[in-house]
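Since the structure comes first, as structure tokens, the remarks are kept for the end.
Values quoted throughout were computed directly from the atomic coordinates according to the rules given, and no laboratory measurement underlies them. These figures come from a predicted structure and were not determined experimentally. Cβ sites come from the backbone with ideal geometry, for glycine too, and all protein chains shown count toward neighbours.
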């Protein structure tokens, strides 16, 4: 059965005290709504519809950045969850598969849980995701009879007997798309809040002879984010799980609590991650690589046997091939360092291709930006770039070539050549002493005058 995702992202999140739409607040380096889309992606959906309200343009752009085929529809009035889902009806007109309703501010629903719901949907018309709450509080209650779900009661509408139920509603629902919208069309607003509740479709469906059931997940998966405090707790929960997963997968974390992951970080077995390392989005580190302390990586690929840091920064487009060494206070951006290349100290390499086994000396800079355009530097294999070399791109340094320390390279260097481009040194005998004497006398005079 094909599937469509309906992701509700219209909540304003006033408790966030932010101009940013609630579902765009990040966890693990990605907006919350991306986490919901990523989980739903495990069902290989044919369509993804985002229901947006406050900040719809920004929400739509975030969704499209993750999935260019996602479609956004607008909920102009906040009239409840049934109304929100109903806004997706036209976008799914003619769709014959199942629809699953997810929430942009509930980022931890797992792919495995959604797969369990899909399996249950093969046997029942409507499937609801529930959880056993440690403290049921103000959650809606799931009223069941064996495996059958009879109805969902919002907390404000419960009686004493229903409030004693601990099986609670997550809000996630799966049904055939046509069935879902037919039931929503039958929802009224005769409830305590005067809103159209998606939860009402269970009682309506049961009255029409449809079957409904519950799939139960861990309560932690259903965590919804409505405040900065809850956002911080969610980030902590995400990081704890990411660290545990990395350790389980055979990654060495020397100080796990100091390592921060992004939602899509990929680490190979036997990679070693030292203290205080931060992974931004889109990072892959292959097996056997070592990321040393206080390094920051984003949008990059580190191959087997490579070493990064300490205190290194890899920016988007950095590609380190096998056995590359990038050392302390080195920044790499949109550059490929071929196998065995080294840049061990105090260097910026941007928009460049560095050949095999080439050594980049301390203080080297690729001068890649002219104020309007970025230009590329190419250095061949087995070259030696002397300390404090400025490579003014676009420029090419050939194989087995060398630059003298302090050289400013403004034209191509042929294979095997030595480039020297610095002012001639001239020593002025005794001038240093004369200058210091003059400066000291001026300082004394200034001190007395004050």
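Taking square-rooted eigenvalues a ≥ b ≥ c of the alpha carbon gyration tensor, is the stretch 1-96 rounded, prolate or oblate, where a/c under 1.5 means rounded and, failing that, a/b exceeding b/c means prolate?
On the way: a/c = 2.07, a/b = 1.26, b/c = 1.64.
Note, shape of the stretch 1-96 comes out oblate.
Just want to confirm a number: the relative contact order over the chain, from Cα pairs under 8 angstrom separated by 6+ residues, in percent.
Numbers: 1134 pairs, mean separation 38.5, N = 450.
Over the chain, the number comes to 9 percent.
Could you tell me what percent of the DSSP beta bridges with both partners in the stretch 3-222 are antiparallel, to the nearest 5? Don't skip to the end; give the middle numbers.
Details: 18 of 40 bridges.
Counting only bridges with both partners in the stretch 3-222, antiparallel ones make up about 45 percent.
May I ask you to sort 379, 184 by Cβ crowding, counting other Cβ atoms within 10 Å and putting the fewest first?
Values: 379 30, 184 22.
With the sparsest Cβ surroundings first, the list reads 184, 379.
For the stretch 3-222, just say rounded, prolate or oblate: build the C-alpha gyration tensor, square-root its eigenvalues into a ≥ b ≥ c, call rounded for a/c under 1.5, and beyond that prolate if a/b exceeds b/c, oblate if not. Walk me through the numbers before you get to the answer.
Values: a/c = 1.45, a/b = 1.30, b/c = 1.11.
Rounded, because the longest to shortest axis ratio a/c is under 1.5.
Could you line up 100, 259 from fewest to most neighbouring Cβ atoms inside 10 Å? Working shown, then result.
Values: 100 26, 259 23.
Arranged by neighbour count, lowest to highest, 100, 259 become 259, 100.
For the chain, take the longest principal axis of its alpha carbons; what is the angle in degrees between that and the long axis of helix 228-248, to the nearest 10 within 0 to 90?
70
Rounded to the nearest 500 deg cm²/dmol, what is the calculated helix-only ellipticity per residue at 222 nm for the chain, with -39500 (n - 2.57) per DSSP H run of length n ≥ 4? Show your work: numbers first, answer last.
Working: 9 runs with 99 residues, N = 450.
Calculated from helices alone, the mean residue ellipticity at 222 nm is -6500 deg cm²/dmol.
Using the count of nearby Cβ atoms within 10 Å as a rough guide to exposure, how do 402, 37 rank from fewest to most?
Details: 402 20, 37 25.
Placing the least packed residue first, the sequence is 402, 37.
Order these peptides, 209-221, 430-442, by their mean beta-carbon neighbour count within 10 angstrom, highest first.
Details: 209-221: 17.2, 430-442: 9.7.
Highest mean packing first, the order is 209-221, 430-442.
With axes computed from alpha carbons, what is the tilt in degrees of helix 431-449 against the longest principal axis of the chain, rounded to the nearest 10 within 0 to 90?
60
Please compute the alpha carbon radius of gyration of the chain, then divide it by the globular-protein estimate 2.2 N^0.38 Å. Two decimals is fine.
1.34
Quick check: Cα centre of the stretch 231-310 to Cα centre of the stretch 82-156, how many Å?
Each part reduced to its Cα centre gives a spacing of 34 Å.
Relative to the first principal axis of the alpha-carbon coordinates of the chain, what is the inclination of helix 56-66, with its axis defined by its Cα atoms, in degrees from 0 to 90 and to the nearest 10?
Relative to the chain, helix 56-66 is tipped by roughly 70 degrees.
Quick one: grab the alpha carbon gyration tensor of the stretch 228-419, order the square roots of its eigenvalues as a ≥ b ≥ c, and give me rounded if a/c is under 1.5, else prolate or oblate depending on whether a/b is larger than b/c. Please report the intermediate quantities before stating the final value.
Numbers: a/c = 2.79, a/b = 2.07, b/c = 1.35.
Because a/c hits 1.5 or more and a/b exceeds b/c, the stretch 228-419 counts as prolate.
Using only alpha carbon pairs under 8 Å that are at least six residues apart, calculate the relative contact order of the stretch 327-450 and give it in whole percent.
Working: 308 pairs, mean separation 18.7, N = 124.
Relative contact order for the stretch 327-450 comes out at 15 percent.
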